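Right, one structure below, let's go through it.
The values are calculated or read from the model by the stated rules, or taken from the named source; none is laboratory data. In this text, all values refer to a predicted model and were calculated from it rather than measured experimentally. Here the Cβ positions follow ideal geometry from the backbone for every residue, glycine too, while neighbour counts run over all protein chains shown. We work out accessible area using only protein heavy atoms, side chains counted, and drop any ligands, DNA or RNA first. Shrake-Rupley method; radii C 1.70, N 1.55, O 1.52, S 1.80 Å.
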Amino acid sequence: MTDPSSEQPAPPGCPAHTDAVRLAGLEYQQTPSQLYRALRREHGALAPVLLDGDIPAWLVLGYSEVTYVTSHDELFARDSRRWNQWENIPADWPLMPYVGYQPSVLFTEGDEHRRRAGVITQALEGVDQFELARNCQLVANRLIADFAGSGQAELMTGYAHALPMRAVVQMCGMPTSGEDTQQLVEDLRISLDAAEGDDPVAAYGRVGERLRQLVKDKRESPGPDVTSRMLLDPAGLTDEEIVQDLISVIAAAQQPTANWICNTLRLLLTDERFAVNVSGGRLSVGEALNEALWLDTPTQNFIGRWAVRDTQLGGRQIRAGDCLVLGLAAANTDPQIWPDSQVGAENAAHLSFSNGEHRCPYPAPLLADVMARTAVETLLERLPDLVLSVEPEMLTWRPSIWMRGLTALPVQFTPVVQ
């Protein structure tokens, strides 16, 4: 990330020309809140930015502005084919899995979006939340058993990512373990949050192929799962539409929930407000889960919306076809809604699940909460003296402007004999 005060040349047609900030690099990714404060100070609620390859866009920083954009689809729509920068974007652009138009619920609008989102809602409503909690607890206990006897663990890979992965693929009718499932999850990670040397476009292609096979299998032999319910819905979605919407469902559920779990555990293990009676402290866990969404929301920024016509937002002139990146993390910490800088953990009006018609479809946030809450509570109940095995300042965040998650969460505890 460049210094927000530095001036950078931009391609022709950049929405703000020389004062745009590159959303790339490592300087601000450990403490993005500093970047958001600097951008607000210099640009207000809407900042001109440059995406990978110096592609211009707007970063929406204000809570009321993000709410306005997501509530007015007639002005800021989801069909990325409107973008006025496509001629400058190569086919292998790293962010293509985010913005390349697909026949997915993510890019539909109006009645078609309501039809597609309705199918997802009906399929997710078929998930028994009590059964999901039981399944998550079983998965949690199996994962904990793998490291409980050693007295130490790295929770990011060994627990926080593994639990929602198994829960989500089970909901969709896939095996919870095996090389095929592991590869799917790894490819989803690469698609959403590629590390150096990863190929997100190729990974996204492999995800599609695996889910096409799943849809084919469920078409022939349906079961009590999300995929089968989508196939049997009277809306009559095509197999390819279901594949694309399954990608959205799994991607939205797995990695963000994993980071939510880990970010909450970090808060519980490092903040003295929660450390007094964290073991089995269900009220504290609930408050920590909610506070993590406010202060360290798993999806920091989301791309995006595209202006339907010339308009104004936050005192800026927006041209038809401009891309707007939703700054969910910045909006959640907007000083306009928290003037005393103290986030109220009991307040659930955060934008972590977005807002408007394109927010996470009901009951997805409830299912994510079941997974995250069960993961955190089960771990603390099984390992009541859990503590960090490094100093809190040694923890590092993954180098991503999009997702907010730790690179590792090493812990230690009294070994438990199984």
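What FRET efficiency, computed as 1/(1 + (r/R0)^6) with R0 = 45 Å and r the Cβ-Cβ distance, is obtained for Thr31 and Val416, rounded to the nearest 0.05? Spell out each step's value before the answer.
Details: r = 36 Å, r/R0 = 0.79.
The formula returns an efficiency of 0.80 here.
Stretched out straight at 0.36 nm per residue, the stretch from Arg219 to Arg41 would grow longer than its current Cα-Cα span by 58.7 nm. For region 58-138, chymotrypsin sites (Phe, Trp or Tyr not before Pro) meeting the loop criterion (DSSP other than H, G, I, E, B) and having at most 16 other Cβ atoms within 10 Å: Tyr101.
Summarising the amide proton neighbourhood of Ser389: residues at separation of 5 or more, or on other chains, whose placed amide H is nearer than 5 Å comprise Val411, Gln412.
Spatial offset of region 232-252 relative to region 70-122 amounts to 15 Å, using the alpha carbon center of each. Across region 249-275, the residues whose backbone nitrogen lies under 20 Å from the label position 7 Å along the beta-carbon direction of Glu125 are 249-250.
Probe radius 1.4 Å, ligands and nucleic acids ignored: give me the carbon and sulfur share of the accessible area of the chain as a rounded percent.
It is 52 percent, rounded to a whole number.
Remark: spin-label model distance Glu112-Trp86 equals 1.3 nm, labels positioned 7 Å along the Cα→Cβ axis. Extension gain for Thr407 to Gln137 (0.36 nm times residue separation, less C-alpha to C-alpha distance): 94.8 nm.
On full extension, the segment bounded by Thr270 and Asp180 gains 28.8 nm, given 0.36 nm per residue less the C-alpha separation. If you find the alpha carbon centre of region 325-402 and of region 305-322, how far apart are they in angstrom? Region 325-402 and region 305-322 have Cα centres spaced 30 Å from each other. For the peptides 404-411, 320-327, the ranking by mean Cβ contacts within 10 Å, running from highest to lowest, is 320-327, 404-411. Largest first and in whole Å, the equivalent-ellipsoid semi-axes of region 14-125 read 28, 18, 14, each the square root of five times a Cα gyration tensor eigenvalue.
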